[in-house]
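Colleague: The structure is given below, and queries will be raised subsequently.
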Amino acid sequence: MGTGVDHRGAGLAIDDLRLPAQPAKLRVAREYANRAAAAFGLDADRAYELAFAVNEAVTNAIRHGRPDAHGDIHLSVHAHGDRLTFAVRDYGTFSGYAPIGALDADRGRGFVLMTQVMDAVQLCVGAGNTTVRLSKARV
Amino acid sequence: MGFFYIGDEATVGKSSHGDAIAVMVAGGELDFAASRQLRDRLTERIEAGTRRLILDLSGATFVDSTAIGALVSVATMLNELDGGVLLVVCPDENRRVLRIFEIAGIESLIAIHRSRAEALRELAVAG
């Protein structure tokens, strides 16, 4: 639970997907997350929560971020022990989640929801890219 | 594209004040590809005069933050109108969507009822 930052690293990338930055592709992102979660051994409820959080991160990337030169957002799956981490990267310059938690702000609500359904959420802002890492452990 | 649907149902009841109660249904995957239509369809009903609106989400398998944002904006719009109210129906069997509503903390803004009958009873009592 919460926004605990994990400093152990995201682990080995086991798969990745380039997804066109279009709302119609959100279903593809959810199905991809669900499949990866099931293959990793997350139960159905935790797989649903992971897919929910990935959907929120991709939605934020589509709405507020910027795709790569091919119009894609990058998703990657990392395994580290019992922990599965999804990274969602766009190529925009992050401009802040404000006001976080405001009830009339979809973006703030989406970020808060991500933190509530995941074990850890990490936001990495680089030069010309923004990555959200979403982690969930097998239990 | 995710599968979703939004539909009008016949006006099914009257509140104790005699106002019409409109019931709409939305189901499938209510994500960012669907939420604008959801907001627009509900808003159209309000602009056509509906003040007491029940939205039945029994068939919704997925509701994201943008769909919740649409519901919050519609509820806010109705709350600012005389006698306006939005009730959402989400049964216990739909526990994953219910949990998202709980986490989002919208129950202070939008009453979530477990069945359509319960929502209709609430409107009949509330007038």
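The values are calculated or read from the model by the stated rules, or taken from the named source; none is laboratory data. The shown structure was predicted, so the numbers you read here are calculated from the model rather than taken from an experiment. A quick note on method: Cβ atoms are made from the backbone with ideal geometry, for glycine too, and the neighbour counts reach across all protein chains shown.
Colleague: I need a count of the residues in the stretch A:36-67 that are farther than 16 Å from A:V88 by Cα and in a helix (DSSP H, G or I).
Modeller: First, the residues of the stretch A:36-67 that are farther than 16 Å from A:V88 by Cα: A:38-48.
Those left that are additionally in a helix (DSSP H, G or I): A:38-40, A:44-48.
Of the residues in the stretch A:36-67, 8 are farther than 16 Å from A:V88 by Cα and in a helix (DSSP H, G or I).
Colleague: Also, I was wondering about something else. Being surrounded by fewer than 17 Cβ atoms within 10 Å (Cβ to Cβ), modelled with pLDDT under 95, more than 30 Å from B:A75 (Cβ to Cβ) and among the aliphatic types (A, V, I, L, M) narrows it down to one of A:A38, A:A13, so name that one.
Modeller: Details: A:A38 fails: modelled with pLDDT under 95.
The unique qualifying residue is A:A13.
Colleague: Would you pick out the residues in the stretch A:30-59 that are farther than 15 Å from A:M118 by Cβ, within 11 Å of chain B (Cβ to nearest Cβ) and of a type in the set (G, A, S)?
Modeller: A:A44
Colleague: Only one of these is more than 13 Å from B:A111 (Cβ to Cβ), among the basic types (K, R), surrounded by fewer than 21 Cβ atoms within 10 Å (Cβ to Cβ) and in contact (Cβ under 8 Å) with a residue 12 or more places away in the chain: B:R41, B:R95. Name it. Give the derivation first.
Modeller: Details: B:R95 fails: in contact (Cβ under 8 Å) with a residue 12 or more places away in the chain.
Just a single option satisfies the conditions, and that option is B:R41.
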